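Worksheet: one structure, shown below.
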Amino acid sequence: MFDSLGNSWRPFEGKHYDLARQVTSYWTNFVKTGDPNGLDYNGNPLPEWKAYRAEEKSVMKFLDTSTPDVLEECPVLDFRLAFGKEKLTER
């Protein structure tokens with residue numbers, strides 16, 4: 001998650017380092033702006049990571065490459081979405 005694969009004993013390949021740098025870029029963008037989208041550390045646009053919403057269940061799949069996708073249903077994220085809205089309305 002923090003681009004630290006070089007500190008591991010495991011035999012990683014180039015694609016692993018590329019993915020680690022991409023995830024680090026998403027985290028960095030999120031910390032700086034509250035939005036993971038934007039540019040990677042080389043200034044290249046990252047694949048858009050849309051917010052998960054009840055009407056569009058957008059997720060990001062991190063495989064060999066990052067791929068945006070939309071799920072038909074995801075009970076775990078739906079529960080978290082409902083729980084979060086409930087907490088916000090209590091304030």
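Where a number appears in this text, it was derived from the coordinates with a stated rule and is not lab data. It should be emphasised that the depicted structure is a prediction, and the values quoted were computed from it without experimental measurement. Cβ: placed from backbone, ideal geometry, glycine included. Neighbour counts: every protein chain shown.
Here are some notes:
- Dipole of the range 1-58, positive direction: furthest Cα of Val23, Ala54, Asn7, with charges on the beta-carbon: Asn7
- Summarising the label geometry, the points placed 7 Å from Cα in the beta-carbon direction at Lys61 and Tyr17 lie 2.7 nm from one another.
- Computed from backbone phi, the HN-Hα couplings of the range 36-44 come to x, 6, x, 9, 7, 5, 9, x, 8 Hz, rounded to whole numbers (Karplus: 6.51 cos²θ - 1.76 cosθ + 1.60, θ = phi - 60°; Gly and Pro given as x).
- Where the alpha-carbon atoms of the range 1-46 are placed on the principal axes, they occupy 34, 18, 11 Å, in descending order.
- Values of log10 I(q)/I(0), in the order q = 0.20 Å⁻¹, for the range 1-78 under a Debye, Cα-only, solvent-free model: -0.94
- Rounded to the nearest whole angstrom, the semi-axes of the ellipsoid equivalent to the range 34-83, taken from the Cα gyration tensor as √(5λ), stand at 24, 12, 8, largest first.
- Here the peptides 36-42, 24-30, 51-57 are ranked by packing, the mean other Cβ count within 10 Å, and the order with the highest first is 24-30, 36-42, 51-57.
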